[in-house]
Each structure stands twice: as structure tokens, then as C-alpha cells.
């Protein structure tokens, strides 16, 4: 089983309930998660393999071969892009589940209608695992705080710092200032607050002075 994760950090967090329900339904069958923010799902017991999906096209070609070698027969596509559906075909997934949008319906075997008006992102992602007979009973995007020495944590912090430097993540900057996180990555306001409760507190993630040296477009594969 392959899950193509969303391209955005906050959406990746919102996908956790659907992924967790799918993981439980697989009953030990191997699961691969691929996406730009796959690293934040490390140490969450959600998959056997995490593949960081680079944003550069050259990096994506290398990633496509890595995911193809995994041999997943089914792919759940959380992004609505044409590229995600085309990639699943290249991966060799015989069953490809996604929303029928963006002229990509012919690439999908299971075409899920996108509701109008659109529901919350958590509920949208839950619809994409329903064709597999998976019910998402727990909708809160609950995650354990990362280990202080986790290389994935350093990698995500480094990426956030680069994005902030270039002014492309104003929401994360606002969250960092609002919660007084300093150098710590703020994983979007929706991670901190859900249904009036706090699921991951800013204090759960400690500041790490050691910088991460790496490329934003590098391919990272982790077996967990």
C-alpha cells in the first residue's frame, strides 16, 4: 500500500487520522508514505517506509523509482494534482484512488467525487480511504512529539527555516512569534488546537541549536 501525502505541512498533519485508520486496517501489511513532509511522521508508527518527496523535478524522478521498487499494488492519492495520479501509474499501482478533479479521472481506478461545499481537510482525506473499506472513527490529528535527537525533527526544522527566510510561510512565522517558539518549528495552528483542545503543545518541542546540513531537494528514505 502506498499513500501519496499532501504537499503542504498542515495538510500532512490533517491526513494523520486517515493514515492511522488505514494502518490499522492493513493488519501488518507494509505501508509506504511519500510526500514533501513525510519526515514529520517518523516515530509515529504509521508506516514501514517514509519517502521524502522532493519539490524539484529531478528529485521527483529519483523518488518515483524508489517508490516503484516498493511494489505497492494500491495507491491512495491525497493531493488533487494531475502529477500525483500520473506518478501512481508510473509506480505500478494497479489500484489508484483519488478525487476525480483536474482532468485526471482517466488515471484513476477509483474516482471519488469531491464534495461541494468542501468539508474539513480531515474529513476529505477520510473519504479517500473509504473505497478500501476503512472507516476513520477518530478524527483528531493526534501525534506524539518528536524525539529531541531525531534527525527527522532537525530536517523539518531546517526546511521550515529556509521557507521562513524566503517569506513563503507567513502562517508558520506568525505561529512561531505567537507561541514564543524561537527556533522551534511551529507545525501550523491547526496542529496546536483541535476541537478546543491542545494536542501538541509548543513546550513539547525543545529548541535545538545544532543546524541540519542538507538539501531541500534531497531524497530521504527511512524504514521504520
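Residue-level analysis places residue 42 outside the set of residues that are over 26 Å from residue 145 (Cβ atoms) and surrounded by 14 or more Cβ atoms within 10 Å (Cβ to Cβ). When restricted to residues that are surrounded by fewer than 24 Cβ atoms within 10 Å (Cβ to Cβ) and in contact (Cβ under 8 Å) with a residue 24 or more places away in the chain, the stretch 52-62 contains 7.
When the stretch 16-36 is examined, which residues are found to be closer than 19 Å to residue 82 by Cα and in contact with a helix residue (DSSP H, G or I) (Cβ under 7 Å, 6 or more places away or on another chain)?
At the first step, the residues of the stretch 16-36 found to be closer than 19 Å to residue 82 by Cα are 33-36.
If the condition is that a residue be closer than 19 Å to residue 82 by Cα and in contact with a helix residue (DSSP H, G or I) (Cβ under 7 Å, 6 or more places away or on another chain), then 33, 34, 35 are the ones that fit.
Let's see how each residue does on (1) part of a loop (DSSP other than H, G, I, E, B); (2) within 18 Å of residue 84 (Cβ to Cβ); (3) modelled with pLDDT of 90 or more; (4) over 13 Å from the mean Cα position of the chain (by Cα):
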position: 43; (1), (2), (3), (4): yes, no, no, yes
position: 51; (1), (2), (3), (4): no, yes, yes, no
position: 54; (1), (2), (3), (4): yes, yes, no, no
position: 60; (1), (2), (3), (4): no, yes, no, yes
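So if I check each of 131, 79, 145, which one is closer than 21 Å to residue 19 by Cβ, at pLDDT 95 or above and surrounded by fewer than 20 Cβ atoms within 10 Å (Cβ to Cβ)? Talk me through it step by step, then tell me what you get.
Values: 79 fails: surrounded by fewer than 20 Cβ atoms within 10 Å (Cβ to Cβ); 145 fails: at pLDDT 95 or above.
Unique residue meeting the criteria: 131.
Taking the residues in the stretch 4-28 that are part of a helix (DSSP H, G or I) and under 19 Å from residue 96 (Cβ atoms) as candidates, determine which candidate is nearest to the chain's Cα centre (by Cα).
Here is the first cut: in the stretch 4-28, the residues part of a helix (DSSP H, G or I) are 9-14, 16-26.
Filter once more, keeping what is under 19 Å from residue 96 (Cβ atoms): 18-19, 22, 25-26.
Values: 18: 11, 19: 9, 22: 14, 25: 19, 26: 18 Å.
Ranking the qualifying residues of the stretch 4-28, first place goes to 19.
Within the stretch 31-41, being in contact (Cβ under 8 Å) with a residue 40 or more places away in the chain and either part of a loop (DSSP other than H, G, I, E, B) or not assigned by TED's automatic domain parsing to the domain that holds residue 12 (or both) holds for one residue alone: 37. Against the test of being surrounded by fewer than 22 Cβ atoms within 10 Å (Cβ to Cβ) and touching a strand residue (DSSP E or B) at 6+ places or on another chain (Cβ under 7 Å), the options 49, 67 yield a single qualifying residue, 49.
At pLDDT 95 or above, at negative phi and surrounded by 15 or more Cβ atoms within 10 Å (Cβ to Cβ): does that describe residue 122? Talk me through it step by step, then tell me what you get.
Values: at pLDDT 95 or above: yes; at negative phi: yes; surrounded by 15 or more Cβ atoms within 10 Å (Cβ to Cβ): yes.
Yes, satisfied.
Look through the stretch 84-97, keep the residues that are touching a helix residue (DSSP H, G or I) at 6+ places or on another chain (Cβ under 6 Å) and not in a helix (DSSP H, G or I), and return whichever of them is farthest from residue 70 (Cα to Cα). Taking the candidates together, the pick is 97.
The values are calculated or read from the model by the stated rules, or taken from the named source; none is laboratory data. Since the model is a prediction, treat every value here as computed from it, not as a measurement. FYI the Cβ positions are ideal-geometry reconstructions off the backbone, even for glycines, and counts take in every protein chain you see.
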